[in-house]
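Have a look at the structure below before the remarks.
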Amino acid sequence: MRSPKDFFRPLAVGAPEPLRQIPFRPSRMIHFFDPGNEKMAAKVPDMAGKADVLLGNLEDAIQADRKEAARNGLVRIAREVDFGDTQLWTRVNSLDSPWVLDDLLTLVTAIGDKLDVIMVPKVEGPEDIHYVDRLLAQLEARAGLTEPLLVHAILETASGVANVEEIALASPRMQGISLGPADLAASRRMKTTRVGGGHPGYLVRTDPVGDSIEDGRTTYQQDLWHYTVARMVDACVAAGILPYYGPFGDIRDVVACEDQFRNAYLLGCVGAWSLHPKQIEIARRVFSPEASEVVWARRVIEAMGDGTGAVMLDGKMQDDATVKQCQVIVALADDLAA
Ligand code: GLV
Ligand code: MG
């Protein structure tokens with residue numbers, strides 16, 4: 001058993017055990033807002049209760065000369081708004097920027113008791129998390145905070161992906177990791193200018209049917225993010241933290257957004273970012289198990305009795321492993337209903 005003091009100490013890289021299970025709080029959508037934008041800020045009280053998580057964004061999409069306004073806006077909003085069950089997160093600037101020190105200093109001292117999670121962008125390796133961990137410990141002590149702030153890393157550099165397992169294990173403060181497809185695409189030199197989603201050029205083609213190579217061919221677009229999401233999910237689950245898909249930039253394309261979110265859900269992610277109210281509803285639907293799936297899962301669990309052995313249900317074989325699959329669905333449905 002680790003003592004509370006250990007909480008503040010970065011763990012050895014590669015610590016073998018899942019370190020902690022994050023207590024369940026719905027986080028199907030992390031809804032971004034610009035705290036320095038008065039129109040957006042005015043909508044925050046109404047959004048509290050509608051989104052599982054509201055995130056005051058200080059990093060990309062906030063112009064350099066508006067960083068301070070965004071930071072101060074977040075302090076004001078956090079003090080004034082009653083967030084109820086909605087979590088309040090922030091995304092601070094990256095560790096190589098001139099703003100992050102002031103972000104952390106101001107936010108932890110002024111509203112550290114109101115913030116649930118601090119999202120750190122462009123994390124390259126565990127050393128970035130260790131740095132934040134130590135700094136937060138100092139600032140929390142200075143502010144007299146009793147609850148440690150949690151940290152969420154964005155996976156959006158090639159080095160970050162190469163080190164994702166160590167990042168996930170880097171501190172007991174780690175709450176989760178999100179895929180950041182835009183920065184990651186740039187870092188990897190991928191040739192897409194889209195924020196998440198697929199690309200019409202990334203496809204598989206079936207064999208020709210007739211004599212000509214043009215005959216009867218079908219093409220299927222593939223998921224550009226499959227490998228990274230799957231690797232991130234494994235790293236997060238092994239560390240006992242939560243995986244998320246990040247942003248989907250084409251707000252009009254609700255169909256492709258839903259597809260991207262659902263792929264992430266099926267691969268194990270618990271939520272995604274939302275950049276527009278439309279995407280809040282998509283995420284809520286996609287990251288909650290479907291009613292028919294829950295009914296089926298409960299039937300399997302019941303039919304399997306003590307959970308061992310094998311039974312046939314509607315022509316489908318069930319055994320010890322399928323019970324576990326069904327328990328995942330039922331546990332999520334119960335947690336969300338609680
Ligand atoms: C998010 O920050 C991204 O770069 O996709
Ligand atoms: Mg980014």
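No lab work stands behind these numbers, since they all come straight from the coordinates. None of these values were measured; they are calculated from a predicted model. Glycine gets a Cβ as well: all are built from the backbone with ideal geometry, and neighbour counts include every protein chain shown.
Quick notes on this structure:
- Once the C-beta distance of ASP65 and GLN325 is scaled by a Förster radius of 41 Å, the resulting FRET efficiency is 0.20 to the nearest 0.05.
- Treating r as the C-beta distance of GLU80 and ASP207 and R0 as 56 Å, the FRET efficiency rounds to 0.35.
- Cα pair count fraction exceeding 12 Å, expressed as % - the stretch 159-217: 76
- Model label sites at GLU302 and ASP314, defined 7 Å from Cα along the beta-carbon direction, differ in position by 1.4 nm.
- Residue-span extension gain [ILE251 to ASP113] - 0.36 nm each, minus C-alpha spacing: 46.4 nm
- Stokes-Einstein D in µm²/s, Kirkwood radius over Cα pairs - the stretch 277-320 at 10 °C with 1.306 mPa s viscosity: 130
- Based on the Stokes-Einstein relation at 10 °C and a viscosity of 1.306 mPa s, and on the Kirkwood radius from alpha carbon pairs, the chain is assigned a translational diffusion coefficient of 74 µm²/s.
- The stretch between ASP334 and ASP234, if pulled fully straight at 0.36 nm per residue, gains 33.7 nm over its current Cα-Cα span.
- Value at 222 nm in deg cm²/dmol, rounded to 500, when DSSP H runs of n ≥ 4 in the chain each add -39,500 (n - 2.57): -13000 deg cm²/dmol
- Taking 0.36 nm per residue of separation and subtracting the current Cα-Cα distance, fully stretching the chain between MET190 and ALA162 would add 8.5 nm.
- Legend: residue pairs LYS278/LYS324; LYS67/LYS114; LYS43/LYS67; LYS50/LYS324; LYS122/LYS191, Cα-Cα distance threshold 29 Å; pairs beyond threshold, LYS278/LYS324; LYS50/LYS324.
- Qualifying trypsin sites (Lys or Arg not before Pro) in the stretch 203-300, DSSP loop, other Cβ atoms within 10 Å at most 15: ARG217, ARG252
- The distance from the alpha carbon centre of the stretch 83-99 to that of the stretch 162-202 is 18 Å, rounded to a whole number.
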